[in-house]
Amino acid sequence: MRNVPTKLPDVGTTIFTVMSRLAAEHGAINLSQGFPDFSPPPRLVELVASHMRAGLNQYAPMPGLPALREALARLVSDVYGRRVSPETEITITAGGTEALFCAVQAVVQRGDEVVLLDPAYDSYEPAVRLAGGVAVRVPLRRPGFDVDWERVRAAFSPRTRLIIVNTPHNPSGAVFTRADLEALADVLDSSDALVLADEVYEHMVFDGRAHQSLLTHDGLAGRAMVVSSFGKTYHATGWKVGACIAPPALTAELRKVHQFAQFSVATPFQAALADFMTESPGHARDLAGFYQRKRDHFCGLLAQTRLRAAPSAGTYFQLADYSALSDEPDVEFARRLTIEHGVAAIPVSVFSSPAPIERLVRFCFAKDEATLDGAGERLRRI
């Protein structure tokens, strides 16, 4: 069939798929795509199996199982001090990516502008374009990947419909401060724009910092759609279970899209997560310490190499500067690192448009210690 029209002519296979496939082809240790190489809590797996055996294998309600929405509402109240309605403000989605996509489709119309902070997760701009919107990219400041809020303010126009923020930030690991929330609220104060907050790494914030969720700010929570990920929090990314928390009017619009994009999410996974959250309410609170130990271990390994790394403030990703090893563009370096040295990473430039010239790659440290040790040994030999 010839001349098939395309809505995304410049979009190919995601870098995560490309690098994971390359790692598999060359027997490389895969620190590229962001998934753990260890299992979810054994009790959580047992609960999934028990719900399957009990016959919970048909469609869940479109907004999600009430028990899971109620469990998430309790967590939001306990962690962020905000009461949200499980019935009218929480929607269970097929992972964070579906929540982000449906949120954009729900509120962005043709010709609307959407402000993105570069580097930005690669699903944001395609979702904007498919909605008929226009992405307006504002670079984050180097080396800390913090936001220049005056530059953001200057990017707003009468056509600005939405700004997408991401904290903890993928790929850099930077996190918002309280001052960032106040600055964002100030920018939005003179606008009718909404905000979509990608907070899927919310429980992975290190060194005593607190995650500054938009749900903790009254002025922002009233115009925000906040995306969370059970897959990230409970080490089960393959289950693709996420959530979007938003005021009732925005939730109603989100669900109009969600019901046709996905309708409902795997029932036994939802039931098991609801039970596990009730049985083990401390899991989310313990996650920061769990991943900080992994970050510290991996950074200790990197310190024995020629790569340079300032410890990540959040997420389970660590950036590393390879300037002492090569002056190649990061895409070429990441490819050669995988093929010749057996460690797969993600080039950071692919998250930006236009792609900047910088010597940074992103590693995922959500791995068993043995995996990280193996990667560290290979990196030392370069």
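Values quoted throughout were computed directly from the atomic coordinates according to the rules given, and no laboratory measurement underlies them. Note that this is a predicted model, so its numbers are computed, not measured. Positions of Cβ are generated from backbone atoms using ideal geometry, with glycine treated the same way; all protein chains shown enter the neighbour counts.
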Kirkwood-based Rg/Rh on the Cα set of the range 1-55 evaluates to 1.24
Taking N as the residue count of the range 1-106, its alpha carbon Rg divided by 2.2 N^0.38 Å gives 1.51
Sorting Thr233, Gly374, Pro41 by the position of each Cα along the dipole of the chain (Lys, Arg +1; Asp, Glu -1; all at Cβ), the one nearest the positive end of that ordering is Gly374
Of all C-alpha pairs within the range 55-279, those more than 27 angstrom apart amount in percent to 28
In deg cm²/dmol, rounded to the nearest 500, the helical mean residue ellipticity at 222 nm of the chain, built from -39500 (n - 2.57) for every DSSP H run of length 4 or more, is -12500 deg cm²/dmol
If every Lys and Arg gets +1 and every Asp and Glu gets -1 at its Cβ, then about the Cα centre the range 90-204 yields a dipole, in debye to the nearest 20, of 320
Projected area averaged over all directions for the convex hull of the alpha carbon atoms of the chain, nm², comes out at 19.4
The farthest towards the positive end of the charge dipole of the chain, of the residues Ser32, Tyr121, Cys364, given +1 on Cβ of Lys and Arg and -1 on Cβ of Asp and Glu, is Ser32
In the range 55-279 the DSSP beta bridges are antiparallel at a rate, in percent to nearest 5, of 30
Restricted to the chain, the DSSP antiparallel beta bridge percent, nearest 5, is 45
Ordered by fewest other Cβ atoms within 10 Å, a rough proxy for footprinting exposure, Val4, Val79 read Val4, Val79
Lys pairs in the chain with Cα under 24 Å (8 or more apart in sequence, or on separate chains) total 8
In nm, the gap between the two label points placed 7 Å beyond Cα toward Cβ at Lys256 and Glu150 is 4.0
Of the residues Gly222, Gly342, Leu194, the Cα lying farthest along the dipole of the chain towards its positive end, which is defined by charges on the beta carbon of Lys, Arg, Asp and Glu, belongs to Gly342
For the chain, the dipole about the Cα centre with charges only on Cβ (Lys and Arg +1, Asp and Glu -1), to the nearest 20 debye, works out at 500
